[in-house]
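Please treat every number below as a calculation from the coordinates, not as lab data. Just so it is clear, the structure is predicted and the values come from calculations on it, not from any experiment. Counting neighbours? That spans all protein chains shown, and the Cβs are built from the backbone with ideal geometry, glycine included.
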Amino acid sequence: MTGALRRVPAIWLVLLIVTAVIIWRNPSFAEPLSLLTFLKRSAPLIVLTAGQLFVIVTGEFDLSAGALITACVVVAAKVSAGDPALTWPVIGLLALLGAGVGLVNGLVTTLLRVPSFITTLGMMLVLNGAVFLWTGGSPTGSLAPEFRQYGRETGYAVAVTAVVVAVAWLLLHRSRFGHLALATGGGTRAAALSGVPVARMRIIAFVISGLSAVVAAILLAGFAGLSKEAGAGYEFQAISAVVLGGAVLGGGRGTAGGAVAGALTLQCLFTLLNLLGLEKPLRDTVQGVLIILAAAFAAYRLRKEQ
Amino acid sequence: MNASPADLPLPRTSLRRRAEGTSLPVWLVFALVFVVAWVAAGTRGGDFGTADNLRNIALRSVALGLVAVGQTVVVLAGSLDLSVAYVVSLSAVACSVVMTGQTGLIVPGVLTALLLGVAVGLANGLVITRLKVNPFIATLGVSLVLRGLLNATFDNFAGAVPEEFQALGYDLVAGIPVSVVMLVAVVAVTWFLLHRTPFGHHLYAVGGDPESARMSGIRSGRVLVFAHVLCALCSAASGVFLASRLGAGAPWVGPDGGYDLESIAAVVLGGTALTGGRGRLLGTVAAVLILAVVDSVFNQFQADPFLRTLVRGLIIVGAVALYAYRGGRR
Amino acid sequence: MPNRLAASLAVAVLSLTACSSTRPAGGPPASSAAAMTASAQPASQFFDQAAYDKQLAWRKSTPTGDPSKPWLQTIEPQMADTAKFKKPGPWHVCFSNAGVGNPWRVTGLTTMKEEVKLHKEIGEFTVVDAEGKDDKQISDISDLLGKKCDALIISPNTTAALTPAVEKACQSGVPVVVFDRGVTTDCPVSFVHPIGGYAFGTDSAEFIASKIPKGGKVLALRILPGVDVLENRWEAARLAFQKAGANVVGAEFTDGDPAKVKTIVSDYLQRFGDLDGVWMDAGATTVAAIEAFQDAGKPVPPINGEDQQDFLALWQKDKLTAMAATYPVYQWRTAVIAATDILSGRQVPKEWVLPEPVITEQNLAQYVTPNMPPLFYPTCGCQDMPGFPQTWGGK
């Protein structure tokens, strides 16, 4: 029994405890409707975390994800200018943008051998600059209700998230690609020697992260509407969530379920601290302590196994 | 600096040179940017070469320069520090809160600021070495902790520095701003530590190949902790400078300056490898000056701030790609 | 809306409220309901009774000048003599901007540049952007002093930090005009600003209090602590709610992030079942707060915002009970006008206090400008300018 239990990422336990405390303090949280509302609100982070996970298991970072979300929201508003007929063409355009950004991140990191921290930091600056250079400083245009419904209506948002999570799980744990991706991060040299196409795995991981940012952007644009800093800070939250979920920076380790639980735990934690009336700055402090503990625990477990 | 020099295998100079690289190319780029800026300003009837303008460029480099010097040390050790921005805030706030406008409290104020820096550096270093947490997460976590504590305690400029202390931010000695002299001194001391002491040798060794560094008897944990303390100390010095320049410290002075990501950008722009063990401190200094000159050119041409952001992104990635290309060919 | 604000939002920095050392001992956390009534007397470092009384009087007084050109109006001016600055054109006017970190500032800078085009005597207009950094703006101002400017306009990033730099600029002999946020020196020839945060807070809170039953539950949404003008709005609103007997059930910081606004409002709806009013210290996220009610299938209670196009349009479309206090963008025009007046030797008000329009159901239609971007501010006073509406992103 202990063996099986040990394989369950510890984050699920943390999530369970945090949720229990929330329900204890506010029983109405357990009602199906408020649970669904909670899921809707968490949807963008869950989706982005699922994408970031692929980049992290292959041993890289994607710091440009937050800026890509903002770029997508602003581009969607500018291009569609509120025209409902353009909803799907715009979504297609965003997908191309996200895949393109991921591809560039991947190529620069692998072919030009720029560390991904720098590549994606540069991409973040380029995206932030380019988008507002184009729109003249603040977002223009608007988002049609038809475009926003996917993030604004609970049913859609939850369904989209469920599909994304299922795809991420299948891809990482039930496909050859996932196997190779984990091998890529686990021991790059050994992986390369044993024939894993390391560069290709990493490029694909960046493209997945880019596409996840697009989906997160559509969800967030729906939930919150057009704003100038829609995605700011999301990249660090997603990385924190992945780490909380037991993945190791540097690659080779991580599970889709853990990452999703990490994202949910972060969101639950914010809700709980809010509920407890804890001063908001201290919520940052709690988050900081928590990610350090999670990473320390993962490192400890890794050492024990070896 | 915990083992005596006799314990360590000192690499031969030629080998070390190759490992550490040279900052010359970065200085050439700086010279190029400088000349281009001068010519560009000239064609627009601006005055680039004046003492006033050069002083201003140097002054613009101080805050980032101090942080970047510290960041170089940790990056050379194969680590990185994302908490520097909040260390800057912490020390700026501590400085002005302790001084409360009294001349007699200048020394205690500066000491408190620097000691807090040391404490954060120790925390970073210990979390990384003892708890084996990845530096990215460790310093991100510490920075969140600091951010929470700072914002819970202060919500505006707090305290004040005395008039005399503002000399550090505004006065000149022999035509050179006091703060630039301070930056030069910090660079000199750090350069000496990196290139003329056993600690420096160990640092490069730990950053280059931690495994063989450990095999050759280097206590890599201690080296790393010391590197983080140095980095936080430099950031704290930057906070002290900002407190004197702004008249007080506020929780936002560090993050608003963007010193965390910008200092890392300056380090890699200066030719130091993010993987550690390779790079030169003076390269970072040149990179900080390049960024300041580019900024001055942007001002000259009144470039759109969004265009600036875009160009900065391209410069950083482009430079690192270029270094990687050169490194690959060698 | 000072740029500090936007800059901090970008990094999502200054999230929260205060607890230990700077606040009086035992001060309860701002987010608990009890806190609101327990610390009823404003003990904040940001509350200034004299300024509060002055602003509340100003909002009732009639400004001088043509009401159709509010950017030329002024309240109780004390004129300053500027004969010594008189100069023949063409002039080189310089502007040190705190940043363009939010749409309010973007609209402002666009308006300012168009205003400059209206003055043939301005031969050159130099803008330097500090990107929201105090340290950079100090260097920027010192740079501009070497650029032979005939007049220097400054929009300070923060009040205290920029004061020495502004003093240095004054000492150089260049006439200085400061607008938006102030500095703690009276050396500038003219300081241009709207009435202020106390008026904003009082107007908006009085409106909401008048529309809800006595003892009604009000949620206050604030962007972040520590920004003087926002703190003033909140202190004034708190006093107004207290006077009216409204029950402020919570004051939350949102970082100006619409996603957080929606989250907070729906949490409160869950906890309290219903809210009778929502007070906002700035308008950027009012639409998100409204949507939180609509998404929960509840009627939107009385709410206030600013003159942002998206809010005004939604208010008009859904016939909400709402009002908008403003922080008018046209002050960016006034700053240029003040500079040209000074260089022409005309007298200017030492403190150029501009009226703060209040948008109500009655005059809403005149502010809603069709085909403008959602984050456009109609108090730009730019509707009659030559490049309108294309230059401001409209159609």
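Using the C-alpha gyration tensor of region A:38-111, what are the square roots of 5 times its eigenvalues, in whole angstrom, with the largest one first? Mind dumping the intermediate values first?
On the way: eigenvalues 122, 59, 16 Å².
Here the semi-axes work out to 25, 17, 9 Å.
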Worksheet item: Using the alpha-carbon centroid of each, what span in Å lies between region C:180-206 and region B:154-227?
Response: 43 Å
Worksheet item: If the cut-off is a Cα-Cα distance under 21 Å, which lysines reach C:Lys298, setting aside same-chain residues fewer than 8 apart in sequence?
Response: A:Lys40, C:Lys211, C:Lys214, C:Lys217, C:Lys260, C:Lys262, C:Lys317, C:Lys319
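Set the Förster radius R0 to 60 Å, insert the Cβ-Cβ distance between C:Met79 and B:Trp191 as r into 1/(1 + (r/R0)^6), and round the FRET efficiency to 0.05. Numbers along the way, then the final one.
Numbers: r = 59 Å, r/R0 = 0.98.
The computed FRET efficiency comes out at 0.55.
Which value results when the Cα radius of gyration for region A:39-232 is divided by 2.2 N^0.38 Å? The partial results should precede the final answer.
On the way: Rg = 16.7 Å, N = 194, 2.2 N^0.38 = 16.3 Å.
That ratio works out to 1.03.
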Worksheet item: Ordered by residue, what ³J(HN,Hα) values in Hz, to whole numbers, does region B:236-243 give under the Karplus form 6.51 cos²θ - 1.76 cosθ + 1.60, where θ = phi - 60° and Gly and Pro are x?
Response: 5, 4, 4, x, 4, 4, 5, 4
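Note down the magnitude of the dipole of chain B about its Cα centre, charges +1 on Lys and Arg C-beta and -1 on Asp and Glu C-beta and zero elsewhere, to the nearest 20 debye. If you can, show how the numbers build up before the last one.
Details: 22 positive and 16 negative charges, 274 e Å.
Computed about the Cα centre, the dipole is about 1320 debye.
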Practice prompt. Report the dimensions of region A:60-166 along its three principal axes from the alpha-carbon atoms, largest first, rounded to Å.
Written response: 42, 39, 18
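For a quick check: sort C:Trp352, A:Trp24, C:Trp91, C:Trp104 by the number of other beta carbons within 10 angstrom, fewest at the front. The partial results should precede the final answer.
Values: C:Trp352 26, A:Trp24 11, C:Trp91 20, C:Trp104 30.
So the residues, fewest neighbours to most, are A:Trp24, C:Trp91, C:Trp352, C:Trp104.
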Worksheet, complete the sentence: Taking the protein assembly as shown, the whole-percent share of alpha-carbon pairs separated by over 57 angstrom is 9 percent
Worksheet entry | Mean-position separation - Cα centroids, region C:318-395 and region A:206-262, in angstrom | 40 Å
Response to the item:
Most exposed to least, judged by fewest other Cβ atoms within 10 Å, A:Ile69, C:Ile264 sort to C:Ile264, A:Ile69
Item to complete: Sequence neighbours fewer than 8 away in the same chain don't count; with that in mind, list the lysines whose C-alpha is under 30 Å from C:Lys86.
Response: C:Lys69, C:Lys113, C:Lys117, C:Lys120, C:Lys147, C:Lys148, C:Lys168, C:Lys350
Worksheet item: If you place +1 on the Cβ of every Lys and Arg, -1 on the Cβ of every Asp and Glu, and leave all else neutral, what size is the dipole of the protein assembly as shown about its Cα centre, to the nearest 20 Debye?
Response: 3340 debye
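Tell me the volume per residue, in Å³, of the convex hull enclosing the alpha carbons of region B:144-294.
Numbers: hull volume 20.1 nm³, N = 151.
Spelled out: Cα convex hull of region B:144-294, divided by residues, is 133 Å³.
Compute the convex hull volume of the Cα atoms of chain B, divide it by the residue count, and report the result per residue in Å³ as a whole number.
Value for chain B: 142 Å³ per residue.
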Discussion item. Show me the trypsin sites (Lys or Arg not before Pro) within region C:106-183 that DSSP assigns to loop and that have at most 10 other Cβ atoms within 10 Å of their Cβ.
Written reply: C:Lys120
Discussion item. In whole Hz and in residue order, list the ³J(HN,Hα) couplings for region A:166-178 that follow from phi through the Karplus curve 6.51 cos²θ - 1.76 cosθ + 1.60, θ = phi - 60°; x for Gly and Pro.
Written reply: 4, 4, 4, 5, 4, 5, 7, 10, 10, 10, 4, 4, x
Worksheet entry | Long-range HN-HN contacts of A:Gly252 with modeled amide H, under 5 Å | A:Thr58, A:Gly59, A:Gly185, A:Gly186
Discussion item. Counting pairwise Cα distances across region A:220-293, what percent come out greater than 20 angstrom?
Written reply: 40 percent
Discussion item. Using only the alpha-carbon atoms of region B:236-330 as identical scatterers, what base-10 log of I(q)/I(0) does the Debye formula give at q = 0.19 Å⁻¹?
Written reply: -1.04
Worksheet, complete the sentence: Dividing the alpha-carbon radius of gyration of region C:227-386 by 2.2 N^0.38 Å, where N counts its residues, gives 1.19
Worksheet, complete the sentence: Residue-ordered couplings for region B:308-319, obtained by feeding phi - 60° into the Karplus form 6.51 cos²θ - 1.76 cosθ + 1.60 and rounding to whole Hz (Gly and Pro as x), are 4, 4, 4, 4, 4, x, 5, 4, 4, 5, x, 4
Discussion item. Please give the charge dipole size of region A:39-232, origin at the Cα centre, charges +1 on K and R Cβ atoms and -1 on D and E Cβ atoms. Round to the nearest 20 debye.
Written reply: 360 debye
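Go through A:83-90, A:11-18 and give me the packing order, highest mean Cβ count within 10 Å leading.
On the way: A:83-90: 15.0, A:11-18: 18.0.
The most tightly packed comes first, giving A:11-18, A:83-90.
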Practice prompt. For region C:50-88 and region A:71-116, write down the distance between their C-alpha centroids in whole Å.
Written response: 49 Å
Worksheet item: Taking H as built 1.01 Å from N, whose amide H comes closer than 5 Å to the amide H of C:Ile153, not counting residues under 5 places away?
Response: C:Cys94, C:Phe95, C:Ser96, C:Val177
Worksheet, complete the sentence: Once the dipole of chain C is set up from charges on Cβ (+1 Lys and Arg, -1 Asp and Glu), the residue from the list C:Pro349, C:Leu312, C:Pro213 lying farthest towards its positive end is C:Pro349
Worksheet entry | Cα extents of region C:101-218 along the three principal axes, largest first (Å) | 60, 32, 25
Practice prompt. Could I have the simple spin-label model distance between A:Trp24 and A:Ala190, label points 7 Å from Cα toward Cβ, reported in nm to one decimal?
Written response: 4.3 nm
Worksheet entry | Per-residue Cβ neighbour rank within 10 angstrom, fewest leading, C:Ile122, A:Ile218, A:Ile118 | C:Ile122, A:Ile118, A:Ile218
Practice prompt. Would you list, by chain and number, the aspartates and glutamates whose Cα falls below 16 Å from the Cα of A:Lys228, excluding same-chain residues fewer than 8 positions away?
Written response: C:Glu131, C:Asp255, C:Asp257, C:Asp310
Worksheet item: Give me the log10 of I(q) over I(0) for chain C at q = 0.06, 0.07, 0.14 Å⁻¹, as the Debye formula computes it from C-alpha points; what are the numbers?
Response: -0.23, -0.32, -1.24
Discussion item. Just checking the output field for B:261-274: average partner chain Cβ neighbours within 10 Å of each residue's Cβ?
Written reply: 2
Worksheet item: Any idea which of A:Ile69, A:Gly178, A:Val101 is furthest toward the positive side of the dipole for region A:39-232, if Lys and Arg beta-carbons carry +1 and Asp and Glu beta-carbons -1?
Response: A:Gly178
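So which chymotrypsin sites (Phe, Trp or Tyr not before Pro) in region B:216-317 are both in a DSSP loop and have at most 15 other Cβ atoms within 10 Å of their Cβ?
On the way: sites: B:Phe226, B:Phe241, B:Trp252, B:Tyr259, B:Phe298, B:Phe301, B:Phe306; in loops: B:Trp252, B:Phe301.
The qualifying sites are B:Phe301.
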Fill in: Selection from A:Pro145, A:Val248, A:Ile118 lying farthest towards where the dipole of chain A points positive, charges on Cβ
A:Val248
